[in-house]
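Chemist: One structure, pasted below without further comment.
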Amino acid sequence: MSKRQGLKALIIAVAIATVLAIGIAHFVFEMNIILSSVIAVIYLALTFVIYFSYDSLLAESSKEIKDSIDKSVSDALKQGNVGILVYDELYEITWMSDFFEERDLNKTGEKLLTWLPEIQDIIQGNSDRNKITINDNKYSVHKYADASVLIFKDITKESDLSKKINDSAYVLGLLSYDNYDEINETEDDISYINANIKIPVMEYFKKFGIVYKTLRSSKMLLILNEKQYEELLKDHFSILNVVRRQAKQGDLDITLSLSFARGSDDLDELSDEAQALIELAQSRGGDQVAVRKIGEDATFYGGSTEAKEKQSKVKVRVIFNSIKDLVNKSSKVIIVGHKYMDADCVGAALSVSNTVADFGKKAYIVSKTGGIEPTINEVINKYRETLYAKHNFISQEEAINLLDDDCLVIMVDHHSKLQSNSQELLEKAKRIVIIDHHRRKADLDISPLMVYVEASASSTCEITAEFLPYLSRDFELSSQEANIMYLGILIDTDRFRVRTGVRTFDSLKLLRHYGADPAECDDLVKEPYENILKRSRIINAGKAVYKNLFISAMYEDKYSRTIASQAADAMVKTKEAEAAFVICNSDENEVIVTARSNGGINVQAILEKMHGGGHMTAAGLQRTDTTVAKVEDELLGVLNNFKKED
């Protein structure tokens, strides 16, 4: 109960008590009724005077308190650089505090969204807070509860201070000249490299005020801050193009890789991250920039050339011995491929299975889970007797039952558990090895003991074929197995037209030695007439979204990955197309994207933005729980950004 209500109750009680007192005084004590009444009236009059005086005093006091509070709130808002704005149901501004008047921003009577269209999300409840700029001042805008009230906070000083601190934060970089160690340095080569490549590189960093230190002939340390890094980013790291162009003029296979580690004041952490990033950039083929802000995903720029082939039998021997050591320390080996296994995946799995068996260990191939492409499945059935006599084909469930702490799991032709035909197995396995030829993703979703990713290799069959010469003298590869491995290389290189080098033909020569028959392999990949019709439908649906980029989106029917890939290959071989993208529903109830390039555009970098992967000239991705139309819209957005950056 309030004080005023209490006073009213007291007065009423006093009045009642006074009437009772008069009655008692007159009837009980026989007092003069007139005298008693006069005393009572005087008493009641004084009581009412007190009541009305209190009410007046209370009102005056309340006004003083309200004025004092209003002034305090106003001073507090002013001190805190806070303004309040009120609008009606038609989004018309009905009131603004003095905060806006002082900044010449009084918009009372105007439409709020006409003045500040960028705060629409806040008004509609899609965002709790937003940052906007008005006349070079920065404000944080917040909607007050469910009321039509906006609270503005001037954060210009805080924002400027934050930017200043951020601009001066350390960024640590590393530079590496790709393939430098592979060059047979003559005096003329050294002179050309110094004058036309290294000096322009140093002048480039001097221009941005970046501190650099040569570590050895092929590497440099870079020390800069966030502001300088942002300037490099705006420049699109143009030094990559300079080095590529100058190297080509000098008939040298040199490109540039850069790495930048950001977001920490711990120099040791930045140093370790920069080293890991430069190795990642080079494992992806070089000629690119790898950047990571600590705690965030890595970002890549460049990568406009294919990975250069590096002929190193010493490296192959070292890798072979490392795998042999891991196998010998294992109880058994389980080999897993990617979903919807193709010829390269199956061929590599057979090759690794043979290698493990030669080491005297039991090997199992997961092939009964995740699907197999129809063409290679027919080949497996044709060679069933030979293959099932030598290899153990199992499902993921059987593999999980076989799994123990000493079991080694080898992934072939992929390096992500999301792409694997044995995702659950990989989540449970403690010892994993990766053998792949696709450009490596920035962050692996597993923790392998060993990663052997050769982006310059034509196929995983090429990589695993290089192990065969180091096996025992008693080892034998059947002609059927050799044919499947030959098919893996044949298909992945588009009949030896792309990503084919000396190592590729060395592997083919070895497979021919084991009985691979090119004529028989040609027969094995012959397709039914229905496939040709389906491929033609995809090609006919193709349309140019930009001058040199083509998309074919098939909203109906289902198409195998093989048919989609063949259609994309055919589209990119036309004069008009530098890159082609096929989007369709696959036989596995997924939406797939198959991309091909003639080498002028890096389709791997494009699809990586959509969490896909592959090579510069061939890449892909698959999605579940979506539609062709949605994936097409996403791809168009990525291509739009790609053209802006180009």
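Chemist: Has region 544-555 got at least one residue that is in contact with a Pro (Cβ under 9 Å, 6 or more places away or on another chain), assigned by TED's automatic domain parsing to the domain that holds His615 and either outside any loop (DSSP other than H, G, I, E, B) or buried (at least 21 other Cβ atoms within 10 Å of the Cβ) (or both)?
Modeler: Within region 544-555 (the criterion being in contact with a Pro (Cβ under 9 Å, 6 or more places away or on another chain), assigned by TED's automatic domain parsing to the domain that holds His615 and either outside any loop (DSSP other than H, G, I, E, B) or buried (at least 21 other Cβ atoms within 10 Å of the Cβ) (or both)), the answer is no, since none of the residues qualifies.
Chemist: Just a yes or no: is a residue in region 566-582 among the acidic types (Asp, Glu), surrounded by fewer than 24 Cβ atoms within 10 Å (Cβ to Cβ), under 21 Å from Arg499 (Cβ atoms) and touching a Gly at 6+ places or on another chain (Cβ under 7 Å)?
Modeler: Yes.
Chemist: Give region 546-564 a look and list any residue that's within 18 Å of Asn602 (Cβ to Cβ) and modelled with pLDDT of 90 or more, or say none.
Modeler: Those that are within 18 Å of Asn602 (Cβ to Cβ) and modelled with pLDDT of 90 or more: Leu549, Phe550, Ile551.
Chemist: I'd like to check something: does region 264-282 contain any residue that is at positive phi and in the same structural domain as Glu187 (by TED's automatic domain parsing)?
Modeler: No, there is no match, as no residue in region 264-282 is at positive phi and in the same structural domain as Glu187 (by TED's automatic domain parsing).
Chemist: Is it fair to say Ile119 is under 33 Å from the mean Cα position of the chain (by Cα), surrounded by 16 or more Cβ atoms within 10 Å (Cβ to Cβ), under 17 Å from Lys153 (Cβ atoms) and touching a residue at least 24 places away in the same chain (Cβ under 8 Å)?
Modeler: Yes: the conditions hold for Ile119.
Chemist: Check off (1) within 29 Å of the chain's Cα centre (by Cα); (2) touching a residue at least 40 places away in the same chain (Cβ under 8 Å); (3) in a helix (DSSP H, G or I); (4) more than 30 Å from Leu426 (Cβ to Cβ) for Gln246 and give me the number that stays unchecked.
Modeler: (1)
Chemist: Here's another thing I want to ask about it. Of (1) outside any loop (DSSP other than H, G, I, E, B); (2) touching a strand residue (DSSP E or B) at 6+ places or on another chain (Cβ under 6 Å), Val379 satisfies all except one. Which?
Modeler: Among (1) outside any loop (DSSP other than H, G, I, E, B); (2) touching a strand residue (DSSP E or B) at 6+ places or on another chain (Cβ under 6 Å), the lone unmet condition for Val379 is (2).
Chemist: Glu588 versus (1) in contact (Cβ under 8 Å) with a residue 40 or more places away in the chain; (2) closer than 27 Å to Cys345 by Cα; (3) within 22 Å of the chain's Cα centre (by Cα): which is the lone unmet condition?
Modeler: Condition not satisfied by Glu588: (3).
Chemist: While we're on this one: Could you check region 330-341 and list, in sequence order, the residues that are of a type in the set (D, E, K, R) and closer than 11 Å to Cys407 by Cβ?
Modeler: Within region 330-341, Lys332 is the sole residue that qualifies.
Chemist: Something else about it: Assess whether Leu150 counts as being at pLDDT 80 or above and either touching a helix residue (DSSP H, G or I) at 6+ places or on another chain (Cβ under 6 Å) or in a helix (DSSP H, G or I) (or both).
Modeler: Judged against the criteria, Leu150 is not a match.
Chemist: Can you confirm whether Asn196 is modelled with pLDDT under 90 and either assigned to a strand (DSSP E or B) or more than 28 Å from the chain's Cα centre (by Cα) (or both)?
Modeler: No: the conditions fail for Asn196.
Chemist: A follow-up question, please. Quick check on region 252-264. Is at least one of its residues more than 20 Å from the chain's Cα centre (by Cα) and more than 19 Å from Leu174 (Cβ to Cβ)?
Modeler: Yes: region 252-264 contains one or more residues that are more than 20 Å from the chain's Cα centre (by Cα) and more than 19 Å from Leu174 (Cβ to Cβ).
Chemist: Can you say whether Asn321 is under 28 Å from Ser283 (Cα atoms), of a type outside the set (Phe, Trp, Tyr) and buried (at least 18 other Cβ atoms within 10 Å of the Cβ), as far as the supplied structure shows?
Modeler: For Asn321, the condition - under 28 Å from Ser283 (Cα atoms), of a type outside the set (Phe, Trp, Tyr) and buried (at least 18 other Cβ atoms within 10 Å of the Cβ) - is not met.
Chemist: Now, a different point. Tell me, please, whether a residue that is surrounded by fewer than 24 Cβ atoms within 10 Å (Cβ to Cβ) and within 24 Å of Asn381 (Cβ to Cβ) can be found in region 469-476.
Modeler: Looking through region 469-476, at least one residue is surrounded by fewer than 24 Cβ atoms within 10 Å (Cβ to Cβ) and within 24 Å of Asn381 (Cβ to Cβ).
Chemist: Here is a further query. Taking the condition of a type outside the set (A, V, I, L, M) and touching a residue at least 40 places away in the same chain (Cβ under 8 Å), does Ser395 pass?
Modeler: Taking the combined requirement at face value, the residue does not satisfy it.
Chemist: Looking at region 473-495, is at least one residue over 30 Å from Asp406 (Cβ atoms), among the basic types (Lys, Arg) and touching a Ser or Thr at 6+ places or on another chain (Cβ under 6 Å)?
Modeler: Scanning region 473-495 turns up no residue that is over 30 Å from Asp406 (Cβ atoms), among the basic types (Lys, Arg) and touching a Ser or Thr at 6+ places or on another chain (Cβ under 6 Å).
Chemist: Looking only at region 349-376, how many residues end up being charged (D, E, K, R) and within 35 Å of the chain's Cα centre (by Cα)?
Modeler: Of the residues in that region, 2 qualify.
Chemist: Moving on. Within region 586-597, work out how many residues are out of contact with any Ser or Thr (no Cβ under 7 Å at 6 or more places or on another chain) and within 17 Å of Thr574 (Cα to Cα).
Modeler: Total meeting the criteria: 1.
Chemist: Say whether the condition of being touching a strand residue (DSSP E or B) at 6+ places or on another chain (Cβ under 7 Å) and under 24 Å from Leu277 (Cα atoms) is met by at least one residue in region 201-209.
Modeler: The answer is yes, given that some residue of region 201-209 is touching a strand residue (DSSP E or B) at 6+ places or on another chain (Cβ under 7 Å) and under 24 Å from Leu277 (Cα atoms).
Chemist: Here is a follow-up. Return the total of residues in region 472-495 being over 26 Å from Arg317 (Cβ atoms) and more than 32 Å from the chain's Cα centre (by Cα).
Modeler: Of the residues in that region, 6 qualify.
Chemist: If only one of Gly286, Gly302, Gly347 is of a type in the set (Gly, Ala, Ser) and in contact with a Ser or Thr (Cβ under 7 Å, 6 or more places away or on another chain), which one is it?
Modeler: Every option except Gly286 fails the conditions.
Chemist: Which count do you get for residues in region 592-614 that are in a strand (DSSP E or B) and either modelled with pLDDT under 90 or surrounded by fewer than 22 Cβ atoms within 10 Å (Cβ to Cβ) (or both)?
Modeler: Result for region 592-614: 2.
Chemist: May I ask you to say which residue of Glu634, Glu588 is surrounded by fewer than 21 Cβ atoms within 10 Å (Cβ to Cβ) and either in a helix (DSSP H, G or I) or at pLDDT 90 or above (or both)?
Modeler: After ruling out the rest, the residue left standing is Glu634.
Chemist: Now a separate question. Give Ile606, Ile551 a once-over and let me know the one that is in contact with a Phe, Trp or Tyr (Cβ under 7 Å, 6 or more places away or on another chain), among the β-branched types (Val, Ile, Thr) and within 30 Å of Leu444 (Cβ to Cβ).
Modeler: Result: Ile606 is the single residue among Ile606, Ile551 that is in contact with a Phe, Trp or Tyr (Cβ under 7 Å, 6 or more places away or on another chain), among the β-branched types (Val, Ile, Thr) and within 30 Å of Leu444 (Cβ to Cβ).
Chemist: Is there a residue in region 331-339 that is among the β-branched types (Val, Ile, Thr), buried (at least 16 other Cβ atoms within 10 Å of the Cβ) and modelled with pLDDT under 95?
Modeler: no
Chemist: Taking the condition surrounded by 14 or more Cβ atoms within 10 Å (Cβ to Cβ), more than 30 Å from the chain's Cα centre (by Cα) and part of a loop (DSSP other than H, G, I, E, B), does Thr500 pass?
Modeler: Considered against the rule, which asks whether it is surrounded by 14 or more Cβ atoms within 10 Å (Cβ to Cβ), more than 30 Å from the chain's Cα centre (by Cα) and part of a loop (DSSP other than H, G, I, E, B), Thr500 comes out as yes.
The values are calculated or read from the model by the stated rules, or taken from the named source; none is laboratory data. Being a predicted model, the structure only gives us computed values, none of them experimental. Using ideal geometry, Cβ is built from the backbone for each residue, glycine included, and neighbour counts are taken over all protein chains shown.
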